[in-house]
Amino acid sequence: MKIEIFANDSDKSLAIKQQLQKKLADRHFIFDSENPDIVITVGGDGTLLSAFHHYEKQLDQIRFVGVHTGHLGFYTDWRDGEIDDLVVSLQSDNRQSVSYPLLDVNVLTRKDGEVHQFLALNESSIRRVGPTMTSDVYIGGDLFERFRGDGLCVATPTGSTGYSKSLGGAVVHPDMPVLQLAEISSINNRVFRTISSPLIISPNDWVTIRPVSPGSNQDFLLAVDSRYYHTTDVAQITYKVSKKKVYFAKYRHNGFWNRVKDSFIGDEQ
């Protein structure tokens, strides 16, 4: 089994990485950063997201394992004090895994008509820099509404516990391969009207956002997970449930609702 350990820059994470490297080397594991079978992330969900994007072209070959050195995260099953237990689990690996759905993001440019493709684990959002964003929103190819406001966010089920939740979205179990579309500060009055509610989109449908008057020089901020792209060249963005998935090694997988409870409710008083 080929292993890569992907850690953030904190002193605690780097110390845990060194411990893991020594324990795995003593047990004759192979380290391979180019073509690993398992990527162990040490840090938090942000570290896992960085590792995901680093290896996003190899997702069908890799399983991830998360070790958290801070607050409990949705993608990290192991605490920093459980390294020995993790090593034992790696030694007895039976290739079991759990998978989560991903989000395809296709951005059509206005000037050259090229399509730029991105992949998101959590969510993607589009905002206007400065003035209000005005965009037509299509679902499954049919015009749904003309949106006016700060922006729009499309989230995966695992991403539903992040930015989408802060926008009033529902928490969606990752067994449901759906998208969630949420508005960011929409304008609603007698003149302008939107649905003003998050929408759960079927995996058979897709969401297309087309800025109104794309010929004008409009500034947009496109976010894909924790990556940000400033652009003035957006004709439309299409979101769809990806055919790709991300896989996590199922040694001691913490159930989704337990993660939700631990993160937002905590222990009962």
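The values are calculated or read from the model by the stated rules, or taken from the named source; none is laboratory data. Since this is a predicted model, take the numbers as computed values, not measurements. Methodologically, a virtual Cβ is constructed for each residue, glycine included, from the backbone with ideal geometry; neighbour enumeration extends over all protein chains shown.
Just wondering, is there one or more residues in segment 49-67 that are under 18 Å from residue 254 (Cα atoms), out of contact with any His (no Cβ under 7 Å at 6 or more places or on another chain) and among the small types (Gly, Ala, Ser)? Scanning segment 49-67 turns up at least one residue that is under 18 Å from residue 254 (Cα atoms), out of contact with any His (no Cβ under 7 Å at 6 or more places or on another chain) and among the small types (Gly, Ala, Ser).
For segment 61-83, what are the residues that are at pLDDT 95 or above and not aliphatic (A, V, I, L, M)? Matches in segment 61-83: 61, 63, 64.
Restricting 229, 247 to residues that are more than 20 Å from residue 167 (Cα to Cα), without any contact (Cβ under 8 Å) to a residue 40 or more places away in the chain and either among the hydrophobic types (A, V, I, L, M, F, W, C) or in a strand (DSSP E or B) (or both) narrows the list to 229.
Selection of segment 39-63 for residues being crowded, with 19+ Cβ neighbours inside 10 Å, of a type outside the set (Lys, Arg) and within 21 Å of residue 91 (Cα to Cα) yields 39, 40, 41, 42, 62.
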